[in-house]
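Undergrad: After the structure tokens below, expect a handful of questions from me.
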Amino acid sequence: MTYKPSKYITIHELILSGLPYHQISELLDIAKSTVSGVMDRWKETGSIMPSRTKRSIYDPYIYELMNGIQYYLNVKRNSCRLKDQKPLNREEIYNLILADGFEVSRTKFNELHAIENRKLKESFYETHYNPGAIMEFDWGTQVLHIDGNNKRVYYAVYTFPYSETIFAYVTEKSDSKNFAQTLNRVAKKVGGIPATLVVDNMRIARKVKSATKHKPEMTRLFEEISAHFKMEIFYCFPYQPNQKGCVENGVKRIKNAIENSYINEFKSLNEVQSFVNRIVKESNNKNHRCKNDTRQRLFKQEKKFFKPLPTRKYTYYEETYRKVTRDSFIQFNGSKYSVPEGYQGQKLKISYNDHVLRILYKDGKVLAKHSLAKKKHTRRQRVWHILHRIQMKPKGFKDSEEYRL
């Protein structure tokens, strides 16, 4: 609020008389900040009257002043620690601006400093997505009270940026096995697969995390997924989460919904999955933030652009190595599995999942295939694996364990 010149003269005279600021404000029925503003203006400009004309930021003098502020915002000074630098604070920049010969009040400087400081904050473009072109994936994690104990659970979240549709599955681990299972579930539910999968530099996806590597080295899991679905894998650049911002928002939405709910305990993971399904359904039924339609209807249109699924679903196998014993067996998880004769003493690769165990040679050739034993001390054997032994010792075969198997 601007007052008559006589009031500012009265304020200044009362200040010079030594009257406290709060008494001046009560006596003249004005704000205390008005009294302090008169004194600040007198110290900075030599005038007690407020400026009647406001200079535009396009004024050459103001433009040059803003460039000076911008320069000092990018300058850093040495700190008390070796090889550590800190940016200049606002008070230091103001003193340097005055030393450069600029005449500016602190209020105007603070206004211009705030404008230039906001320019330095990172901003992003709104990414354009073609329908059915991209699917984003990320893990979310949360500690929940489940069946009387605190337990860490993981959310495998898939989003389609064009329609912003979400699919989420609750798992006990964030490993390759659970990723492969959830990916198969999404592909089956959607009925197709996009051309590109966007992931960050997670340990199940990328072998080398160094930013100096121009071409990331995929893990075996993602090499197989890329070949099986004929899908390109795109890795986000380090510290650039905006490249998969859609799935980041999806993870955040699920975690916030659980934290803000009044559910104190879940009985099982299935109950957590049911709650997540409700969150996902509500989210997919909402309107798209940019397009004039719901996410669910946009996703129906997007599905038309997906690539068809392979005739066989992707089967994930974990790998390890075992040494073949003298009697042509390998031991795995407390059980024995037969290997064709001639490989005794060699270290062979084993690939397995919850149902099948395969024994491979160096070139990837499958030497033997067995159903995975559910109990320990089980023997899995094929009679054609010991034909040479039978020929060499035919009389002892009927009294052997191999014969009873």
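The values are calculated or read from the model by the stated rules, or taken from the named source; none is laboratory data. Here the structure is a predicted model, which is why all the values come from computation and not from measurement. Note that we place each Cβ from the backbone using ideal geometry, even for glycine, and neighbour counts take in every protein chain shown. Heads up: the accessible areas ignore ligands, DNA and RNA and are worked out on the full protein's heavy atoms, side chains in. Shrake-Rupley method; radii C 1.70, N 1.55, O 1.52, S 1.80 Å.
Undergrad: Sequence gap at least 6, Cα distance under 8 Å: using those rules, report the relative contact order of segment 1-90 to the nearest whole percent. Write out the running numbers ahead of the final one.
TA: Details: 55 pairs, mean separation 14.9, N = 90.
Relative contact order of segment 1-90: 17 percent.
Undergrad: Another question about this same structure. Which percent of the accessible heavy-atom area of the chain goes to carbon and sulfur, probe 1.4 angstrom?
TA: Carbon plus sulfur share of accessible area: 50 percent.
Undergrad: Can you list the residues, at least 5 places off or on another chain, whose amide H is less than 5 Å from the amide H of Val356, using H built in the peptide plane?
TA: Leu372
Undergrad: Going down the table (Lys267/Lys303; Lys336/Lys362; Lys188/Lys307; Lys349/Lys376), which pairs top 24 Å between alpha carbons? Let's see the in-between values first.
TA: On the way: Lys267/Lys303 35 Å; Lys336/Lys362 21 Å; Lys188/Lys307 12 Å; Lys349/Lys376 21 Å.
Listed pairs above 24 Å: Lys267/Lys303.
Undergrad: Through the Karplus equation 6.51 cos²θ - 1.76 cosθ + 1.60, θ set to phi - 60°, convert the phi angles of segment 307-322 into ³J(HN,Hα) values in whole Hz; use x for Gly and Pro.
TA: Once rounded to whole Hz, the list reads 6, x, 6, x, 5, 10, 6, 6, 10, 8, 10, 7, 10, 7, 10, 9.
Undergrad: Percent antiparallel among DSSP beta bridges with both residues in the chain, to the nearest 5? Show your work: numbers first, answer last.
TA: On the way: 43 of 53 bridges.
Rounded to the nearest five, the antiparallel share is 80 percent.
Undergrad: OK, next. For Leu367, what residues show an amide H to amide H distance below 5 Å, using hydrogens built from the backbone and excluding near sequence neighbours?
TA: Close amide H contacts, sequence-distant or interchain: Ile359, Leu360, Tyr361.
Undergrad: Helix-only estimate, please: 222 nm mean residue ellipticity of the chain, summing -39500 (n - 2.57) across DSSP H runs of length 4 or more and dividing by its residues, to the nearest 500. Spell out each step's value before the answer.
TA: Details: 13 runs with 146 residues, N = 405.
Using -39500 (n - 2.57) per qualifying helix, the result is -11000 deg cm²/dmol.
Undergrad: Please name which of Asn149, Ser351, Ser79 has its Cα lying farthest along the dipole of the chain towards the positive end, using unit charges on Cβ (Lys, Arg +1; Asp, Glu -1) and the Cα centre as origin.
TA: In the chain, that residue is Ser351.
Undergrad: From the C-alpha gyration tensor of the chain, pull out the three semi-axes of the equivalent ellipsoid (sqrt of 5λ each), sorted largest to smallest, in whole Å. Before the final figure, lay out the partial values.
TA: Details: eigenvalues 1030, 128, 98 Å².
The equivalent ellipsoid of the chain has semi-axes of 72, 25, 22 Å.
Undergrad: Putting +1 on Lys and Arg Cβ atoms and -1 on Asp and Glu Cβ atoms, find which of Ile15, Leu221, Leu269 reaches farthest to the positive end of the dipole of the chain.
TA: Positive-most Cα among the choices belongs to Leu221.
Undergrad: Using the heavy atoms of the protein chains and a 1.4 angstrom probe, tell me the accessible area per residue for segment 27-181 in square angstrom. Working shown, then result.
TA: Values: 9600 Å² over 155 residues.
Roughly 62 Å² per residue, with all protein chains present.
Undergrad: Which residues make up the longest stretch of the chain clear of GluC sites (Glu not before Pro) that lie in a DSSP loop with no more than 16 other Cβ atoms within 10 Å, not counting the sites? Each step should come with its number before you reach the end.
TA: Working: sites that count: Glu103, Glu122, Glu126, Glu172, Glu217, Glu265, Glu341.
Looking at the chain, 1-102 is the longest stretch - no exposed GluC sites (Glu not before Pro) with at most 16 other Cβ atoms within 10 Å.
Undergrad: Roughly how many debye, to the nearest 20, is the charge dipole of the chain about its Cα centre, given +1 on each Lys and Arg Cβ, -1 on each Asp and Glu Cβ, and no other charges? Kindly include the intermediate steps, with their values, before the conclusion.
TA: Working: 73 positive and 43 negative charges, 598 e Å.
With Lys and Arg at +1 and Asp and Glu at -1, about 2880 debye.
Undergrad: Separate question: List the residues, sorted by chain then number, that are 5 or more residues from Arg382 or on another chain and whose placed amide H is less than 5 Å from its amide H.
TA: Residues meeting the amide H criterion: Ser338.
Undergrad: Right, something else. Once you charge only the Cβ atoms, +1 for Lys and Arg and -1 for Asp and Glu, what is the size of the charge dipole of segment 68-165 about its Cα centre, to the nearest 20 debye?
TA: Working: 13 positive and 13 negative charges, 102 e Å.
The dipole of segment 68-165 has a size of about 500 debye.
Undergrad: Now, a different point. So what are the ³J(HN,Hα) numbers for segment 156-164, from phi and the Karplus equation (6.51, -1.76, 1.60; θ = phi - 60°), rounded to whole Hz, Gly and Pro as x?
TA: Running phi through 6.51 cos²θ - 1.76 cosθ + 1.60 with θ = phi - 60° gives 8, 10, 10, 10, 10, x, 4, 9, 6 Hz.
Undergrad: Which residue, Val339, Val35, Val383, tops the fluctuation ranking in a GNM of the chain built on C-alpha contacts under 10 Å?
TA: Val35
Undergrad: Highest GNM mean-square fluctuation, the chain, Cα pairs closer than 10 Å: which of Thr182, Thr127, Thr34?
TA: Ranking Thr182, Thr127, Thr34 by mean-square fluctuation puts Thr34 first.
Undergrad: Nothing charged except the Cβ atoms of Lys and Arg (+1) and of Asp and Glu (-1): what's the magnitude of the dipole of segment 247-326 about its Cα centre? Round to the nearest 20 debye. Each step should come with its number before you reach the end.
TA: Numbers: 20 positive and 9 negative charges, 103 e Å.
Roughly 500 debye for segment 247-326.
Undergrad: Given a 10 angstrom Cα cut-off, can you work out which residue in Ile359, Ile97, Ile386 is the most mobile in a GNM of the chain?
TA: Ile97
Undergrad: Mind giving me the nanometre distance, one decimal, between the label points for Lys281 and Ile263, set 7 Å out from Cα along Cα→Cβ?
TA: Taking the two extended label points, one gets 1.3 nm.
Undergrad: Looking at the square roots a ≥ b ≥ c of the eigenvalues of the Cα gyration tensor of segment 140-239, which shape do they give, rounded for a/c under 1.5, prolate if a/b is larger than b/c, or oblate? Spell out each step's value before the answer.
TA: Details: a/c = 1.88, a/b = 1.31, b/c = 1.43.
Oblate, since a/c reaches 1.5 and b/c is not below a/b.
Undergrad: Using each residue's phi in segment 118-132, evaluate 6.51 cos²θ - 1.76 cosθ + 1.60 at θ = phi - 60° and report the 3J(HN,Hα) Karplus result to the nearest Hz, with x for Gly and Pro.
TA: For segment 118-132, the Karplus curve yields 5, 5, 6, 6, 5, 10, 10, 7, 7, 6, 8, 10, 7, x, x Hz.
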